[in-house]
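These notes are about the structure you will find just below.
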Amino acid sequence: MPRYLIATLTTFTSMIGWAANFVLNSVFLNAIDDENGRWIIFIVLACLSFLAYLFVMTCVPDTSGKDVREMLRIILGQEKYDQMERDLHKEHDILYSDIVNKDVRKEVEEK
């Protein structure tokens, strides 16, 4: 995945995070004024946290100690990753000899 796309997606997810924060604060500030609102907020947040924990433990692959290329291979699959890499090389006229990092060049040439 090109770096410019990663940067764009990072910016987009940050924007979504801020928008969600605004909506949640708008709703929850009104709920705090209610006598039982604090307990309801606590229960809702506890349930959401538990669901997020379950999602991460069951659906998100372990990526510790792996670089971006390895993670993309895990997430996309080897065949899809290779196809995307070939398409990017064709689209941007990148020759394998143009790759600066010797380890990456060696890995690409082996394919």
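Some values worked out for this structure:
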{"item": "Any chance Tyr53 is of a type in the set (Phe, Trp, Tyr), assigned to a helix (DSSP H, G or I) and exposed (fewer than 10 other Cβ atoms within 10 Å of the Cβ)", "result": "no"}
{"item": "Residue within the range 44-58 that is touching a residue at least 60 places away in the same chain (Cβ under 8 Å) and either within 22 Å of Ile94 (Cβ to Cβ) or not assigned by TED's automatic domain parsing to the domain that holds Ile94 (or both) present", "result": "no"}
{"item": "Criterion violated by Ser64 - all others in (1) under 27 Å from Arg86 (Cα atoms); (2) touching a residue at least 12 places away in the same chain (Cβ under 8 Å) satisfied", "result": "(2)"}
{"item": "Odd one out for Val68 among (1) surrounded by 13 or more Cβ atoms within 10 Å (Cβ to Cβ); (2) modelled with pLDDT under 85", "result": "(1)"}
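The values are calculated or read from the model by the stated rules, or taken from the named source; none is laboratory data. As the structure is a computational prediction, the values presented were derived from the model and not from experiment. Every residue, glycine among them, receives a Cβ derived from its backbone with ideal geometry; neighbour counts consider all protein chains shown.
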